[in-house]
Amino acid sequence: MRIKLSILLCLFTINYIKAQGNLIVNSESRKSVSLNGAWNYIVDPYETGAYDYRLKERKENDPGAYWNVPVLEKKSDWTEHGYSGLYSMQVPGDWNSQVEALKFYEGTVWYHKSFDKPSINENEDVYLYFGAVNYKSSIYLNGKKLGSHKGGFTPFNFKIPAELLKNTNNQLVVMINNKRFIDEIPTTNTDWWNYGGITRDVKLLLLPKQFIQQYHIQLDEKTDALSAKKSNNWQVKGWIKLNEAVTDGKILVEIPELKVNKEFKVNGDSVSVAFNAKNLNLWSPKNPKLYPINLRYKGVDLTDKIGFRTIQVEGEKLLLNGKDLFLRGICLHEEVIPEVRRAHSMKDASKMLSYVKELHSNMVRLSHYPHNENMVRAADSLGILIWDEIPVYWTIDFGNPEVLKKAQQQLKEMIARDRNRASVFIWSVGNETPVSENRNLFMSTLVKNAKSLDPTRLVSAALEVRYNSGVNYVDDPLGEFTDIVSLNEYLGWYGSTPDGCRTAEWGSKYKKPFFISETGAEAKFGFNDEKESRFSEEYQEWFYKEQIDMFKNKFPKNYVGVSPWILFDFKSPKRNNPEYQNGFNRKGLIDEYGNKKKAFYILQEYYKEQEKKDT
Ligand code: GCB
């Protein structure tokens with residue numbers, strides 16, 4: 001009986017660990033060489049670099065292929081492409097904000113950088129790691145293709161075959177295409193700017209032949225935080241995965257502050273870990289305690305800082321560490337002001353999150369795609385809860401199984417990267433997807449996938465609301481599967497004026513925590529007029545006042561918070577009111593120059609009040 005049980009357990013664990021892909025996580029704590037900096041580029045709207053004049057795909061050694069970097073020896077030699085410092089831009093960074101001519105460009109750009117082989121030990125391999133490239137990329141080294149990747153907001157890596165790496169002057173070329181297609185994730189229609197390029201860090205990871213590739217160390221999701229605190233006995237569990245199977249390997253887990261120093265034997269490529277801890281100082285927005293942790297395999301240390309907390313739903317309650325949690329949220333795009341470009345650095349993250357703190361928020365919805373890793377790491381240390389989302393946005397091709405695979409891949413990459421961040425409390429599998437049978441199946445599959453990849457967090461999506469016989473009612477079939485009922489409502493902007501909130505009724509079929517994942521109205525900073533005047537700061541202020549009154553007086557008792565749309569005005573090709581928008585969605589509480597609109601202070605006041613109620 002005992003043996004059977006352990007076989008069963010083993011099977012379960014193996015499945016749970018297996019589904020993680022080949023991503024190397026925690027790149028920042030690995031031995032690495034940065035490839036950030038100036039890269040040369042060629043803009044190639046006709047894809048001449050990939051197809052010849054008969055539109056045939058070019059052969060690997062075709063000198064006209066842009067993955068081959070021309071070397072001219074004789075005067076009679078000739079080329080029609082080349083990489084030059086005359087055409088260079090910064091990586092990480094989007095091309096739209098860096099090169100005036102590429103401001104509105106969507107298409108193919110080739111990036112090039114040369115580098116020397118870093119010094120490595122005999123026992124080490126070199127991996128090429130990209131934080132993100134939007135959208136499709138093919139990577140070539142010294143004329144050979146290393147691989148390709150789709151998905152603009154998640155990391156990926158390739159092993160560089162040792163024989164391909166020269167001692168000096170290695171030619172790295174990345175073909176990038178950010179065209180939008182109906183069968184991609186996101187699809188052709190988004191209310192944000194489709195920034196192209198190598199938008200996040202690029203580095204060479206120098207890793208031993210065998211190394212720790214991924215891990216998950218968290219409190220057991222079934223922990224009853226209140227009784228664990230009483231008994232001072234915490235159960236930490238998770239798994240560690242190596243890049244390949246080994247026999248009789250040993251992995252040491254050290255958390256010095258908790259006096260944890262435990263060795264785990266690994267046979268195969270992964271091992272489950274579990275241990276008890278005492279005197280645990282739980283992570284929360286008020287107390288963002290992170291524990292330095294060290295994972296050692298064959299003498300190589302991989303360090304991280306991990307916070308421990310529980311996040312659970314109990315009936316209609318949302319509980320953090322066993323206590324009621326109210327989300328004082330705000331939405332954010334990955335666009336930094338005043339430069340108005342893709343954000344990528346820790347400096348960008350700290351800047352954006354400092355406004356979040358000033359608002360007295362305790363939660364950020366990273367809309368509508370995974371932001372760079374600095375953001376979640378900064379949130380971990382600042383005590384800001386994170387809603388992490390994949391760009392399954394609006395009407396995508398739900399009936400197409402290939403599209404589901406693309407969404408699943410992005411979900412997997414997001415979870416693999418962020419699963420050790422205490423700040424991340426929820427995985428969101430999409431936003432405002434229209435109810436249909438195909439969609440329900442597609443989205444509920446993603447919810448199930450997220451839950452099996454990570455059973456320690458909640459899963460949701462912005463659901464559909466029906467405005468029916470005077471009641472705003474949530475009975476979206478996806479609500480059966482999500483842990484909380486999240487919805488976007490713009491009562492007072494789309495549909496009516498803000499006083500419409502006074503008579504609105506709300507209901508939900510699902511007895512689950514009720515969360516407003518978006519609400520907002522547009523205002524142009526500095527446009528002051530009477531409150532009925534659309535786009536005035538006064539209108540937006542009025543909108544927030546009415547909304548907040550509605551939350552306080554008319555919302556169901558399972559209301560657990562709100563993340564209004566949005567902290568900063570952001571670029572969108574869909575917003576073309578010539579007087580007020582000029583290519584910006586103006587629902588920000590702050591404009592692109594950092595000016596706070598009147599509504600900022602209304603929301604801030606509400607959040608201060610709520611904060612006081614926090615025990
Ligand atoms: C929404 C979308 C968000 C839009 C926003 C708006 O519901 O989720 O991406 O930008 O509305 O401003 O209309």
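Taken together, the values in this text are just the output of simple stated rules run on the coordinates, not laboratory data. Given the structure is predicted, the values throughout are model-derived calculations rather than measurements. A quick note on method: Cβ atoms are made from the backbone with ideal geometry, for glycine too, and the neighbour counts reach across all protein chains shown.
Take the Cα gyration tensor of region 268-423, multiply each eigenvalue by 5, square-root it, and list the three semi-axes largest first, rounded to whole angstrom.
Taking √(5λ) for each Cα gyration eigenvalue gives 26, 23, 19 Å.
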For the chain, list the DSSP H helices whose alpha carbon atoms reach 27 Å or more along the long axis and whose average Kyte-Doolittle value is 1.6 or above? none
Over all pairs of distinct alpha carbons, what does the Kirkwood formula give as the hydrodynamic radius of region 10-142, in Å? 18.1 Å
Show which aspartates and glutamates lie in cross-link reach of Lys524 when reach means a straight Cα distance below 15 angstrom and same-chain residues fewer than eight apart are skipped. Glu532, Glu537, Glu538, Glu541, Asp569, Glu579, Asp591, Glu592
Nearest-5 percent of antiparallel DSSP beta bridges in the chain? 75 percent
Taking loop as defined by DSSP and a crowding limit of 16 other beta carbons within 10 Å, which GluC sites (Glu not before Pro) in region 500-576 fit? Glu530, Glu532
Selection of trypsin sites (Lys or Arg not before Pro), region 455-528, meeting DSSP coil and at most 16 other Cβ within 10 Å: Lys509, Lys511
Within region 545-594, DSSP-loop chymotrypsin sites (Phe, Trp or Tyr not before Pro) with at most 16 other C-beta atoms within 10 Å are Tyr580, Tyr593
Which whole-number percent of Cα pairs in region 549-590 have a distance greater than 17 Å? 49 percent
Within the set Lys222/Lys265; Lys305/Lys511; Lys262/Lys405; Lys286/Lys406; Lys56/Lys117; Lys265/Lys448, which residue pairs have Cα atoms separated by over 29 Å? Lys305/Lys511; Lys262/Lys405; Lys286/Lys406; Lys56/Lys117; Lys265/Lys448
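From the Cα gyration tensor of region 327-392, with a ≥ b ≥ c the square roots of its eigenvalues, which class applies: rounded if a/c is under 1.5, or else prolate if a/b is larger than b/c, or else oblate?
It comes out rounded by the Cα gyration axes.
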In terms of the Cα gyration tensor, with a ≥ b ≥ c the square roots of its eigenvalues, is region 474-589 rounded because a/c is under 1.5, prolate because a/b exceeds b/c, or oblate? prolate
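Using a ≥ b ≥ c from the Cα gyration tensor of region 428-512 (square roots of the eigenvalues), is it rounded, prolate or oblate, where a/c under 1.5 gives rounded and otherwise the larger of a/b and b/c decides, a/b for prolate?
In terms of gyration-tensor shape, prolate.
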Which of the aspartates and glutamates could a cross-linker span from Lys574 if the Cα-Cα distance has to be under 15 Å and same-chain partners fewer than 8 positions apart are dropped? Asp191, Glu522
Calculate, axis by axis, the spread of Cα positions in the chain along the three principal axes, and write the results as whole Å, longest axis first. 80, 70, 43
Net charge, Leu404 excluded, C-beta distance under 13 Å - Lys, Arg +1, Asp, Glu -1: +1
Under the rule of at least 5 residues apart or a separate chain, name every residue whose amide H is placed under 5 Å from the amide H of Gly561. Leu327, Ile516
Whole Å is fine, so just give me how far the alpha carbon centre of region 269-285 lies from that of region 20-48. 33 Å
Hey, what did the chain get for relative contact order, percent, Cα under 8 Å, at least 6 apart? 11 percent
Considering only Ser350, Gly307, Val424, whose Cα is most displaced toward the positive end of the charge dipole of the chain, charges sitting on Cβ of Lys, Arg (+1) and Asp, Glu (-1)? Gly307
Normalized C-alpha radius of gyration of region 292-347, against 2.2 N^0.38 Å? 1.83
From Cα pairs below 8 angstrom and at least 6 apart in sequence, can you work out the relative contact order of region 107-236, rounded to a whole percent? 33 percent
From the Cα centre of region 333-399 to that of region 543-615, the distance in Å is 16 Å
Place +1 on the Cβ of every Lys and Arg and -1 on the Cβ of every Asp and Glu in the chain, take the dipole about the Cα centre, and give the residue among Pro573, Pro498, Tyr41 whose Cα lies farthest towards its positive end. Tyr41
